[in-house]
Structure formats: structure tokens, C-alpha cells
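Engineer: First the structure, which I've put down as C-alpha cells, then a few questions once you've had a look.
Just so it is clear, none of the values below were taken in a lab; they were calculated from the coordinates. Since the model is a prediction, treat every value here as computed from it, not as a measurement. Counting neighbours? That spans all protein chains shown, and the Cβs are built from the backbone with ideal geometry, glycine included.
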Amino acid sequence: MANELAYALITPYSLLKSRTGGIIGRVLALSGLDLVGARMYAPSDALVDEYCEILSRRDIDAEMKTGLLEYVDNNFRENNKFGITNRTLLLLFEGDEAIAAIKRSVGSLSDPQAQGDTVRGTYGDSIRTTDREWVHFEPAVFIGTSTQSVGEDLHLFARYANSDGGILEHVVQFDSSENPQTTLVMLKPDNFKPGNSRPGNIIDLFSRTGLWIVGAKMLRLSVAQAEEFYGPLLDVFRAKLRDAVADRAAQALRAAFEFPITDAAVGATADLLKDANARHEFYRIVQYMSGRNPYELTDHDDKKAPGGERCLALLYRGPNAIEKIRTCLGSTNPADAAPGTVRSVYGNDLMKNGAHASDSPENAERERRIVGLWENEQPSDLQLLINDRLSD
């Protein structure tokens with residue numbers, strides 16, 4: 001089987017109606033593909049014109065082509081007839097026969113008997129009168145259905161990735177009385193097993209906050225990034241785990257020696273071991289997030305290499321965004337998380353607890369800088385990925 005790159009472009013209306021999580025979960029579950037790239041776009045008129053030109057040359061049903069062209073022209077422009085934001089989310093998938101797998105999971109718009117077992121069966125509509133006039137047309141997502149169309153579309157998106165894509169904080173407008181914040185959410189590696197709909201399900205839970213997604217990026221955190229990201233936990237571990245170290249030291253020492261072991265000796269041993277224990281626990285998290293064991297790395301450059309695990313970083317924007325996301329996320333320990341929160345539903349333990357979210361404006365900035373979602377980097381990671389995978 002051929003390993004291919006495929007895409008799904010979530011429409012502005014689907015984003016507006018918070019269907020993003022449902023679409024992502026449906027595609028992942030039905031296709032069995034790996035999600036390898038994500039980027040937000042606010043298409044310029046130039047991008048819309050080129051995309052329409054590409055679609056107009058496609059060998060597809062004439063009436064369906066008319067519907068698609070009218071939809072892009074009416075919905076993807078900044079100044080569109082519906083007055084909604086023109087945010088779109090481009091998702092890249094990879095795997096065996098990926099193009100056919102995406103086509104099956106997304107489904108057809110032309111089937112009048114479309115059921116809810118595909119993305120379009122649930123979130124799309126194609127309604128026409130008896131004389132074939134469009135009454136309502138919502139494709140939910142756009143996809144490429146052949147190697148040629150996928151390559152042509154992705155090269156177009158790659159060319160506009162820097163100018164039209166990235167962090168879209170400026171796209172969503174708020175009243176002068178509101179004080180919007182942008183916060184970071186990161187879906188952790190254990191969510192990204194093949195065929196697992198959990199990433200989409202978690203995004204669907206976060207959609208209940210009413211916040212806007214204004215940035216997206218697939219990550220393979222390096223050891224260096226993971227160490228910097230979770231660095232503040234070292235001091236926390238030293239302080240909070242010292243008593244646990246003392247208890248274990250007391251048990252071990254008193255079992256090993258026949259003479260009395262004083263509390264002072266136990267305390268001194270705990271003080272000697274608390275740093276090593278804290279770093280051990282810290283490295284467990286680093287290895288979980290990066291997929292690489294820090295103890296095995298000695299070369300500084302090697303610590304900067306992309307890791308072996310995937311995470312999805314998202315930016316949410318709106319009034320009180322940090323508090324709203326943290327409330328929806330739930331307590332760090334899933335056992336203590338309120339019912340219906342992300343961690344109560346999808347968390348396993350203190351480390352594998354579904355997702356991370358910034359806990360303050362200062363940490364949101366620090367963490368966004370580490371993962372590359374503070375400023376728009378050029379060239380973008382998605383542009384590099386497309387150009388690398390689809391190079392001639």
C-alpha cells in the first residue's frame with residue numbers, strides 16, 4: 001500500500017458552530033490515519049481566487065462544482081455575505097491509501113440518502129429544489145479526492161501558509177467592554193493512537209466554553225522543549241515529594257540495618273535524595289511528552305531533535321479564556337476532577353491526564369513561545385511539511 005498525505009479543510013461555518021471536535025474525531029476514528037499537521041487560515045481574496053480557479057478546472061459534476069464554487073466565494077472571504085469570521089482549519093493526515101481513507105470517512109455531498117456515519121452525513125447538507133436550484137449547501141469540509149488534486153491544493157495552501165495562516169487573534173473581534181485572553185491547550189500523546197477519536201472528543205468538550213480557536217499546530221516536542229516547558233515542576237517536585245522520599249528512605253534504612261535509624265538520619269537522607277528523585281519524576285514527564293529518554297541523551301543537539309510522540313497545540317481566545325479552559329479541563333489528578341471535565345472523562349493519572357492548559361497569562365506566553373505559537377514563524381512548520389512530503 002502507498003503511504004500518502006491527505007487533507008481536510010474545515011469550513012468557516014463548521015468552526016463557527018463548534019463542529020470542529022466532532023469532525024476531527026469522526027475522521028480519525030473512521031480513517032485510522034495519523035494527524036500530522038494543523039494550521040489555521042483566514043484566506044485572503046487572492047487565495048480564494050486561486051482556489052476557485054483550481055476547483056473550476058476539476059472534472060466533477062457540473063451542478064456540484066457550481067455549489068462548491070459559490071460556497072467558497074461566499075464563505076471563505078474576509079468580507080463575506082454572512083458576516084462571519086473566515087477562519088478555516090487545515091488538517092493533514094498521513095497513512096496507507098490516505099486519500100481514499102479520507103474520502104470514505106468524509107463521505108459524499110451528492111448522496112440524497114446520506115446517513116450520519118460520515119462527516120458530511122452528520123455535518124454537511126446538500127439541499128436542492130425539484131428544479132435543481134440550491135436551497136442550502138454546506139460541505140462541512142473540503143478534501144482532495146486524487147493524488148493530483150491533493151498535491152495541487154496543498155501546494156496552494158503551502159504558498160499562502162505564511163501570509164494567510166497561523167495565529168488568528170486579530171480575526172475575531174470583541175466588544176470594547178470585553179477583555180479577551182488567548183490561552184494554550186495541548187492535547188497529550190496518549191490521545192493519538194490510530195483510530196482514536198479522543199482528540200476530537202476533547203476539543204468538543206472545550207467547545208462548551210464558547211471560546212474561539214485561533215491557532216493550531218501539531219507538535220513533536222524535543223527533549224529540550226519538554227524540559228523547558230515543564231521546568232517549573234522541578235522545584236514543585238523537590239518540595240512536595242520530599243516527605244515521600246523520607247518515608248521510603250526510612251523503610252529501606254530500617255529494614256537494612258539492625259541498629260536504630262533516627263528521624264534526623266532519615267531527614268538527612270531525604271535531603272540528599274530529594275533532588276535526584278525530583279529529576280527522576282521530571283524526566284518521566286519529559287519522556288512521556290517527547291517519546292525520548294533524557295537519561296540516554298548526552299549530545300546537546302540531540303536533545304533538540306523532534307521527539308517521537310505527537311501533541312496537538314491549540315490557542316483559544318475570548319473573555320476569561322484561561323479560567324474557562326482550566327474549569328473545563330478539571331483538576332490535575334483525574335480522581336479529583338469534577339464530573340464532565342476533560343480529565344475526569346479522559347484522564348488516567350497525574351501525568352496521563354488528557355490535556356494541558358496554561359494557568360496564567362504569564363505562563364500562556366511562556367508556553368506559547370516554547371511551542372512556536374507566540375508569533376508566526378516563517379517558514380511555517382506546515383509549509384515545510386507539505387514541501388518535504390510532496391517534493392517533485
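Engineer: Quote the relative contact order of the chain in percent (integer), defining contacts as alpha-carbon pairs under 8 Å separated by 6+ residues. Intermediate values should be presented prior to the final figure.
Structural biologist: Numbers: 700 pairs, mean separation 85.3, N = 392.
With pairs under 8 Å counted, the relative contact order is 22 percent.
Engineer: Could you give the length gained on full extension between Ala2 and Ser331, defined as 0.36 nm per residue of separation minus the Cα-Cα distance, in nm? Provide the component values of the computation, followed by the final result.
Structural biologist: Values: separation 329, 0.36 × 329 = 118.44 nm, distance 4.31 nm.
Gain in length upon complete extension: 114.1 nm.
Engineer: Of all the Cα-Cα pairs you can form in region 226-303, what percent are over 13 Å apart? Spell out each step's value before the answer.
Structural biologist: On the way: 2077 of 3003 pairs.
The answer is 69 percent, as a whole percent.
Engineer: Then there is this: Quick one: Karplus J couplings for region 136-147, per residue in order, coefficients 6.51, -1.76, 1.60, θ = phi - 60°, nearest Hz, x for Gly and Pro?
Structural biologist: Values, residue by residue: 8, 9, 9, x, 6, 9, 10, 9, x, 10, 8, 4 Hz.
Engineer: Collect residues whose amide H, placed 1.01 Å from N in the peptide plane, falls under 5 Å from the amide H of Ser222; neighbours closer than 5 in sequence don't count.
Structural biologist: Sorted by chain and number, the residues that satisfy this are Gly307.
Engineer: Once you charge only the Cβ atoms, +1 for Lys and Arg and -1 for Asp and Glu, what is the size of the charge dipole of the chain about its Cα centre, to the nearest 20 debye?
Structural biologist: On the way: 43 positive and 56 negative charges, 186 e Å.
Charge dipole, the chain, about its Cα centre: 900 debye, nearest 20.
Engineer: Now for a separate question. Compute the length gained on full extension between Asn348 and Asn162: take 0.36 nm times their separation in residues and subtract their Cα-Cα distance, giving the result in nm to one decimal. Before the final figure, lay out the partial values.
Structural biologist: Numbers: separation 186, 0.36 × 186 = 66.96 nm, distance 3.78 nm.
So the chain would gain 63.2 nm between Asn348 and Asn162.
Engineer: Taking 0.36 nm per intervening residue step and subtracting the Cα-Cα distance, what contour gain separates Lys304 from Ala239 on full extension? Provide the component values of the computation, followed by the final result.
Structural biologist: Values: separation 65, 0.36 × 65 = 23.40 nm, distance 2.87 nm.
In short, 20.5 nm is gained.
Engineer: Count charges around Gln173 for me, please; just the other residues with Cβ under 14 Å from its Cβ, Lys/Arg as +1, Asp/Glu as -1. Write out the running numbers ahead of the final one.
Structural biologist: Working: positive: Arg87, Arg317; negative: Glu78, Glu169, Asp175, Glu178.
Spelling it out: positives minus negatives among the neighbours equals -2.
Engineer: Count the lysine pairs in the chain whose Cα atoms sit under 19 Å apart, keeping only pairs 8 or more residues apart in sequence or on different chains.
Structural biologist: Lysine pairs satisfying the spacing and distance rule in the chain number 9.
Engineer: To continue, here is another question. In region 14-112, if every C-alpha pair distance is counted and binned at 10 Å from zero, what percent goes to each bin?
Structural biologist: Calculated over all Cα pairs of region 14-112, the distribution is 13, 37, 43, 7 percent.
Engineer: For a protection proxy built on the mean count of beta-carbon atoms within 10 angstrom, sort 65-71, 26-32, 77-83 highest first, please.
Structural biologist: Highest to lowest by the protection proxy: 26-32, 65-71, 77-83.
Engineer: While we're here: Using a 7 Å offset from the Cα along the Cα-to-Cβ direction at both Ser391 and Ser177, what is the distance between the two label points in nm, to one decimal?
Structural biologist: Modelled inter-label distance: 5.6 nm.
Engineer: Apply the Karplus curve 6.51 cos²θ - 1.76 cosθ + 1.60, θ = phi - 60°, to the phi angles in region 164-169 and return the couplings in whole Hz, x for Gly and Pro.
Structural biologist: Each residue's phi maps through the Karplus curve to give 10, x, x, 8, 10, 4 Hz.
Engineer: So for region 226-303, taking the charge dipole from beta-carbon charges (+1 Lys/Arg, -1 Asp/Glu), which of Pro232, His280, Ala252 sits furthest toward the positive end?
Structural biologist: Of the options given, the answer is Ala252.
Engineer: With runs of 4+ DSSP H residues as the only contributors, calculate the mean residue ellipticity of the chain at 222 nm using -39,500 (n - 2.57) per run, divided by the residue total and rounded to the nearest 500.
Structural biologist: Numbers: 18 runs with 179 residues, N = 392.
Helix contribution divided over all residues of the chain: -13500 deg cm²/dmol.
Engineer: If r is the Cβ-Cβ distance from His136 to Glu169 and R0 is 45 Å, what FRET efficiency results, to the nearest 0.05? Could you put the intermediate results ahead of the total?
Structural biologist: On the way: r = 32 Å, r/R0 = 0.70.
That gives a FRET efficiency of 0.90.
Engineer: Kindly state, to the nearest 0.05, the FRET efficiency for Asn196 paired with Asp271, given R0 = 51 Å and r defined as their beta-carbon distance. Each step should come with its number before you reach the end.
Structural biologist: On the way: r = 43 Å, r/R0 = 0.85.
Plugging the Cβ-Cβ distance into 1/(1 + (r/R0)^6) gives 0.75.
Engineer: Next question. Can I get the semi-axes of the chain's equivalent ellipsoid? Compute them from the C-alpha gyration tensor as square roots of 5 times the eigenvalues, in angstrom, largest first. Provide the component values of the computation, followed by the final result.
Structural biologist: On the way: eigenvalues 420, 90, 76 Å².
One finds semi-axes of 46, 21, 19 Å for the chain.
Engineer: Report the label-to-label distance for Ser360 and Asn74 in nanometres (one decimal), using points 7 Å from each Cα along the Cα→Cβ vector.
Structural biologist: In this crude spin-label approximation the distance works out to 4.9 nm.
Engineer: GNM on the chain, C-alpha springs below 10 Å: top fluctuator among Met64, Met289, Met40?
Structural biologist: In this elastic network of the chain, the residue with the biggest mean-square fluctuation among Met64, Met289, Met40 is Met64.
Engineer: Can you work out ³J(HN,Hα) from phi for every residue in region 335-341, in order, using Karplus 6.51 cos²θ - 1.76 cosθ + 1.60 and θ = phi - 60°, giving whole Hz and x for Gly and Pro?
Structural biologist: The phi angles translate into 5, 9, 6, 5, x, x, 7 Hz.
Engineer: While we're here: Could you give the dipole magnitude of region 282-371 about its Cα centre, charging the beta-carbon of Lys and Arg +1 and that of Asp and Glu -1, in debye to the nearest 20?
Structural biologist: On the way: 13 positive and 12 negative charges, 53 e Å.
Value, rounded to 20: 260 debye.
Engineer: Could you order the peptides 351-359, 86-94, 275-283 from most to least packed, using the average number of other C-beta atoms within 10 Å per residue? Display every interim value, and only then the final one.
Structural biologist: Working: 351-359: 20.3, 86-94: 23.0, 275-283: 16.3.
Descending packing order for the listed peptides: 86-94, 351-359, 275-283.
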